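**Q** Have a look at this one before I ask anything.
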Amino acid sequence: ASPQAPAVLGLGTLLMCVSGAGCQLTGCLTLKQFRGFQPFKGGKRFVLLQAEGWMMIGFVLNFGVVATQMESLASLYPGVLSLCAYAQSCANTLLLVSLFFFTPSNPSPTPRPQVNLWQPLQ
């Protein structure tokens, strides 16, 4: 393994944190009544998918932080990094898919403007 491998893994770990925050930002910009922190609100499916996604991110983040402290990644079992990359991909997918299942609890007193990220700016 390359001596730069732990540094590259550290960069990947940082980008993983950015992707989780990006999912929350997407929800805030596109969904009414969505907040970045709203424990156990948004419907059962939404909460379950968010919980699974964030737990998987925590698992991979824990591994990433520990592995960046290693001098070389050569001592890892073969396939561990691939497994973590797959788990991270699944975690991001769960977080993004959960946004489709978000259901607001009660009507908002002041409606927020809807922003469609998929339409080009005019």
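**Q** Which residue is most open to solvent (accessible area, probe 1.4 Å), if the candidates are limited to the stretch 96-113 and must be of a type in the set (S, T, Y) and at pLDDT below 75?
**A** T110
**Q** What do you reckon, is L14 within 21 Å of Q88 (Cα to Cα) and not charged (D, E, K, R)?
**A** Yes, satisfied.
**Q** Does the stretch 36-78 hold any residues that are open to solvent by 100 Å² or more (accessible area, probe 1.4 Å) and touching a Phe, Trp or Tyr at 6+ places or on another chain (Cβ under 7 Å), and which are they?
**A** R45
**Q** Can you tell me how many residues within the stretch 1-36 are among the basic types (K, R) and either touching a strand residue (DSSP E or B) at 6+ places or on another chain (Cβ under 7 Å) or at positive phi (or both)?
**A** Within the stretch 1-36, residues that are among the basic types (K, R) and either touching a strand residue (DSSP E or B) at 6+ places or on another chain (Cβ under 7 Å) or at positive phi (or both) number 0.
**Q** Testing G22 on (1) more than 11 Å from the chain's Cα centre (by Cα); (2) without any contact (Cβ under 8 Å) to a residue 24 or more places away in the chain, one condition comes back false. Which one is that?
**A** (1)
**Q** If a residue must be of a type in the set (G, A, S) and not in a helix (DSSP H, G or I), how many such residues does the stretch 1-59 contain?
**A** 5
**Q** Does the stretch 60-82 hold any residues that are assigned to a helix (DSSP H, G or I), touching a helix residue (DSSP H, G or I) at 6+ places or on another chain (Cβ under 9 Å) and either farther than 19 Å from A21 by Cβ or in contact (Cβ under 8 Å) with a residue 60 or more places away in the chain (or both), and which are they?
**A** F63, A67, T68, L73, A74, V80, L81, listed by residue number.
**Q** Looking at the stretch 85-95, which of its residues are at pLDDT 90 or above and open to solvent by 50 Å² or more (accessible area, probe 1.4 Å)?
**A** Scanning the stretch 85-95 gives a single hit, T93.
The values are calculated or read from the model by the stated rules, or taken from the named source; none is laboratory data. All figures in this text were calculated on a predicted structure; none of them were measured in a lab. Virtual Cβ from ideal backbone geometry, glycine too; neighbours counted across all protein chains shown. Quick note on the areas: whole protein, heavy atoms, side chains included, nothing else; ligands and nucleic acids left out. Shrake-Rupley method; radii C 1.70, N 1.55, O 1.52, S 1.80 Å.
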